[in-house]
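Undergrad: Below you will find the structure I want to go over with you.
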Amino acid sequence: MGIIDISRKLRPGMTVWPGDTAYQIEPVLHLNQGEAVNLTTLTMSAHTGSHVDAPLHFTEGGQAIDELALEPYWGAAQVVTSVKRAGPLEPADLEGYDLSRARRLLVRSVSANHIPGRFPEEFVYPSPTLAEYLGSLGICLYGSDGPSMDEVNSKSLDGHHALWRQNIAILEWLDLSEVPDGIYELVAMPLKIVGGDGSPVRAVLRTM
C-alpha cells in the first residue's frame with residue numbers, strides 16, 4: 001500500500017493567511033559549535049499550512065482543539081475534484097460523485113496549483129446547502145486544498161458554521177495536487193494543544 005503525503009511544507013516564506021503570523025524556524029543550538037545537539041525554535045500560527053480548525057476558532061465557547069474527538073481524522077476518505085474555480089460549492093457541483101462512499105470528503109480544486117508564497121485569490125468552499133447535504137450522508141470530515149471554508153473577506157463564516165452544525169470536522173489547505181480521485185485511508189491528527197483554536201497536521205493518505 002502506497003502512502004501519499006498531502007501536507008504542505010513548513011518553510012520560511014511559505015504562504016499564510018494575510019496578516020497571520022509568518023512561519024519562522026530559528027536555530028538556537030548547533031552541533032558544529034560544540035553543543036550537544038542541534039535545536040530550533042518554531043514561530044507560527046495554529047493555522048499554518050495543512051491544519052485543523054477547532055470550533056473555538058469561529059464560535060465563542062466552541063470546543064478547543066484538545067477537546068475534539070479524534071475519530072474524524074483517521075479513516076476512509078474520498079477524494080473528488082471540483083471543476084468550479086471559485087466560490088461556494090453546491091451539491092450540484094459534485095453531482096458526478098457518490099459522496100456516500102466514505103465518511104470523509106476531500107475536495108481537490110484549482111487551488112491545488114496555487115503559486116507557492118502567494119495567497120490564492122480564488123478558491124472554492126462549501127456552501128451551507130452542501131454542508132447540510134453532506135450531514136445527511138453521515139460525512140464526519142470535510143477537507144480541501146483551499147485555505148478556508150469561506151471566502152477571504154467573510155465575517156459571518158457561513159461555511160464554517162454550517163459544517164459545525166452538522167458535526168463535520170474541518171481540514172484546510174491540503175496538498176492534493178498529485179492525488180487521483182478515489183477512496184483512501186486518511187490520517188491527519190491535530191496536536192493536543194490545550195485551549196487551542198487550531199493545529200497544524202501531518203496529513204497522509206494510504207491507498208486502499
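The values are calculated or read from the model by the stated rules, or taken from the named source; none is laboratory data. Remember, it's a predicted structure, so these values are computed and weren't measured experimentally. Positions of Cβ are backbone-derived with ideal geometry, glycine not excepted, and every protein chain shown enters the neighbour counts.
Undergrad: Just wondering, is there one or more residues in segment 41-50 that are in contact (Cβ under 8 Å) with a residue 12 or more places away in the chain and closer than 14 Å to Ile168 by Cα? Before the answer, list the steps.
TA: Applying the first criterion (in contact (Cβ under 8 Å) with a residue 12 or more places away in the chain) to segment 41-50 yields 41-50.
Then drop every residue that is not closer than 14 Å to Ile168 by Cα, which leaves none.
No; the residues of segment 41-50 include none that is in contact (Cβ under 8 Å) with a residue 12 or more places away in the chain and closer than 14 Å to Ile168 by Cα.
Undergrad: Another one. Where in segment 51-93 are the strands (runs of 3 or more DSSP E), entirely inside, with at least 2 residues that are over 16 Å from the mean Cα position of the chain (by Cα) and modelled with pLDDT of 95 or more? Working first, answer last.
TA: Values: elements: 51-53, 74-81, 87-89.
It comes to 87-89.
Undergrad: Does Ile115 satisfy being over 14 Å from Ala169 (Cβ atoms) and either crowded, with 16+ Cβ neighbours inside 10 Å or free of Cβ contacts under 8 Å to residues at least 24 places away in the same chain (or both)?
TA: yes
Rundown of residues vs (1) hydrophobic (A, V, I, L, M, F, W, C); (2) surrounded by fewer than 19 Cβ atoms within 10 Å (Cβ to Cβ); (3) more than 22 Å from Ala92 (Cα to Cα), yes/no style:
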site: Tyr142; (1), (2), (3): no, no, no
site: Ile168; (1), (2), (3): yes, no, no
site: Pro190; (1), (2), (3): no, no, yes
site: Met208; (1), (2), (3): yes, yes, yes
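Undergrad: Looking only at segment 48-66, filter to residues that are under 18 Å from Gln166 (Cβ atoms) and out of contact with any helix residue (DSSP H, G or I) (no Cβ under 6 Å at 6 or more places or on another chain); which one of those is surrounded by the fewest Cβ atoms within 10 Å (Cβ to Cβ)? Even if it seems obvious, please write down each step before you answer.
TA: First, the residues of segment 48-66 that are under 18 Å from Gln166 (Cβ atoms): 52-59, 62-63.
From the residues that got through so far, the ones that are out of contact with any helix residue (DSSP H, G or I) (no Cβ under 6 Å at 6 or more places or on another chain) too are 52-53, 56-57, 59.
On the way: Val52: 28, Asp53: 25, Leu56: 18, His57: 21, Thr59: 14.
Per the criteria, the residue is Thr59.
Undergrad: Quick check: anything in segment 28-38 exposed (fewer than 15 other Cβ atoms within 10 Å of the Cβ), in a loop (DSSP other than H, G, I, E, B), modelled with pLDDT of 95 or more and in contact with a helix residue (DSSP H, G or I) (Cβ under 6 Å, 6 or more places away or on another chain)?
TA: Looking only at segment 28-38, we keep the residues that are exposed (fewer than 15 other Cβ atoms within 10 Å of the Cβ), and these are 28-38.
Now drop any that are not in a loop (DSSP other than H, G, I, E, B), which leaves 30, 34-38.
With the extra rule that they be modelled with pLDDT of 95 or more, the set shrinks to 30, 34-38.
Filter once more, so that each one left must be in contact with a helix residue (DSSP H, G or I) (Cβ under 6 Å, 6 or more places away or on another chain): 38.
Within segment 28-38 (the criterion being exposed (fewer than 15 other Cβ atoms within 10 Å of the Cβ), in a loop (DSSP other than H, G, I, E, B), modelled with pLDDT of 95 or more and in contact with a helix residue (DSSP H, G or I) (Cβ under 6 Å, 6 or more places away or on another chain)), the answer is yes, since at least one residue qualifies.
Undergrad: Could I ask something else about it? Working only within segment 154-208, note down all residues that are in contact (Cβ under 8 Å) with a residue 40 or more places away in the chain, charged (D, E, K, R) and part of a helix (DSSP H, G or I).
TA: Answer for segment 154-208, where residues must be in contact (Cβ under 8 Å) with a residue 40 or more places away in the chain, charged (D, E, K, R) and part of a helix (DSSP H, G or I): there is none.
Undergrad: A further question on this structure: Taking the stated definitions as given, is Met189 of a type outside the set (Asp, Glu), over 20 Å from Thr81 (Cβ atoms) and at pLDDT 95 or above? So that I can check it myself, show each step before the final result.
TA: Details: of a type outside the set (Asp, Glu): yes; over 20 Å from Thr81 (Cβ atoms): yes; at pLDDT 95 or above: yes.
Considered against the rule, which asks whether it is of a type outside the set (Asp, Glu), over 20 Å from Thr81 (Cβ atoms) and at pLDDT 95 or above, Met189 comes out as yes.
Undergrad: Looking at segment 16-41 only, could you name the residues that are of a type in the set (A, V, I, L, M) and touching a Ser or Thr at 6+ places or on another chain (Cβ under 9 Å)?
TA: Of segment 16-41, the ones of a type in the set (A, V, I, L, M) are 16, 22, 25, 28-29, 31, 36-37, 39.
Of everything in segment 16-41, those that are of a type in the set (A, V, I, L, M) and touching a Ser or Thr at 6+ places or on another chain (Cβ under 9 Å) turn out to be Val16, Ala22, Ile25, Val28, Leu29.
Undergrad: Now, a different point. If I filter segment 119-147 down to residues being under 14 Å from the mean Cα position of the chain (by Cα) and free of Cβ contacts under 8 Å to residues at least 60 places away in the same chain, which single residue comes out as farthest from Ala77 (Cα to Cα)? It would help to see each step written out before you state the result.
TA: Just the residues of segment 119-147 that are under 14 Å from the mean Cα position of the chain (by Cα), to begin with: 123-126, 140-147.
Pick out the ones that are also free of Cβ contacts under 8 Å to residues at least 60 places away in the same chain and you get 123-126, 142, 144-146.
On the way: Phe123: 21, Val124: 19, Tyr125: 18, Pro126: 17, Tyr142: 9, Ser144: 12, Asp145: 14, Gly146: 17 Å.
Checked segment 119-147; the qualifying residue farthest from Ala77 (Cα to Cα) is Phe123.
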